[in-house]
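The values are calculated or read from the model by the stated rules, or taken from the named source; none is laboratory data. Quick caveat, the model's predicted, so the values are computed rather than measured. For neighbour counting, all protein chains shown are included, and Cβ atoms are generated from backbone atoms with ideal geometry for every residue, glycine included. Only protein heavy atoms, including side chains, enter the accessible area calculation; ligands, DNA and RNA are left aside. Shrake-Rupley method; radii C 1.70, N 1.55, O 1.52, S 1.80 Å.
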Amino acid sequence: MPLVRIPEPFDHEQFVFELKHDGFRALAFIRGHHCELISRRGHVYKYSQLAEELAHAARANDAILDGEIVCLDRDGRSQFYSLLFRRGWPYFMAFDALRIDGQDLRDRPLLERKRRLKALVPRVETRFMYLDHVEGRGVELFRAVCRADLEGVVAKWKHGPYHTDGVTTSWLKIKNPTYSQAMGRSEAFEGRVSGRAKRPAPPVWRLGTTAQLRAAVPQTNLGASRERE
């Protein structure tokens, strides 16, 4: 599910807030003792050891999980260039579950999906990790993220389903404007993206009814840039 960027953090009891890790977004398709890590554009990531560990560590026979491939420093902070240049040990930071043991979870509320996901993660230390959240307190988390020089925060409607049409979403991202690892990144990737096809349409911010939307997010945020993740 895509993320819509908004400029400011907010507090709301209908939302949970997660740390935005800086890595490669991926879906993990686990079938028995086999796993593939697939990008949003359908590319198969070549992290064979990580995929094998996920397949053996997950406490399910089959699952489809959403998460981020990341490298972490000693303090658990994402190190994007260590991942990009394969200088570190990758982890899969899981934050959602679309399917577990044959059961389609996409229509279930986010918190139920996260509860089911957490039960899949082994109790022993592995590279398959669960991304926890805080409820309601987005501003406090965002301030802590900025102090720690992390990428940002993701806000998610806790009752929201998982949309798979590629445009509809109830997930918002608020980026740290002074994040040091983002400095110069657009120039570094400019040559890599210049010859690619036109990007798909931006995601649509859709919670449900207009009343729900207005009650959930401060109106100053709703006119924000609908930038893709």
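So, R0 is 22 Å and r is the distance between the beta-carbons of VAL124 and ASN61; what FRET efficiency does that work out to, to 0.05? Here the calculated transfer efficiency is 0.70. Shape class of segment 1-118 from the alpha-carbon gyration tensor: oblate, with a/c at 1.5 or above and b/c at least as large as a/b. Take 39-46, 99-106 and order them by the average number of nearby Cβ atoms within 10 Å per residue, most first; the result is 99-106, 39-46. Take 78-86, 58-66 and order them by the average number of nearby Cβ atoms within 10 Å per residue, most first; the result is 58-66, 78-86. Proximity of backbone amide H atoms, modeled 1.01 Å from N, is registered between THR168 and VAL204 at under 5 Å, excluding neighbours fewer than 5 places apart on the same chain.
Given +1 on the Cβ of Lys and Arg, -1 on the Cβ of Asp and Glu, and no further charges, what dipole in debye does segment 1-81 carry about its Cα centre, rounded to the nearest 20? Before the final figure, lay out each step's value.
On the way: 10 positive and 13 negative charges, 75 e Å.
Once rounded to the nearest 20, the dipole reads 360 debye.
For the peptides 115-126, 161-172, residues were scored by their other Cβ atoms within 10 Å and the scores averaged per peptide; the highest-first order is 161-172, 115-126. Rolling a 1.4 Å probe across the protein heavy atoms gives segment 38-177 an accessible surface of 50 Å² per residue. Can you tell me which aspartates and glutamates have their Cα less than 17 Å from the Cα of LYS118? Leave out same-chain residues fewer than eight positions away. Candidates past the 8-residue exclusion: GLU18, GLU53, ASP62, ASP66, GLU68, ASP96, ASP101, ASP104, ASP132, GLU135.
Note on LYS175: lysines with a C-alpha under 21 Å away, same-chain residues under 8 apart excluded, are LYS20, LYS156, LYS158.
Taking θ as phi - 60° and the Karplus parameters 6.51, -1.76 and 1.60, the scalar couplings of segment 43-53 work out to 7, 8, 6, 9, 10, 4, 5, 5, 4, 5, 5 Hz in sequence order, x denoting glycine and proline. Treating r as the C-beta distance of GLN181 and ASP107 and R0 as 25 Å, the FRET efficiency rounds to 0.10. Residues whose amide H falls under 5 Å from that of ARG99, counting only those 5 or more places apart or on a different chain, are ILE64, LEU105, with hydrogens built in the peptide plane.
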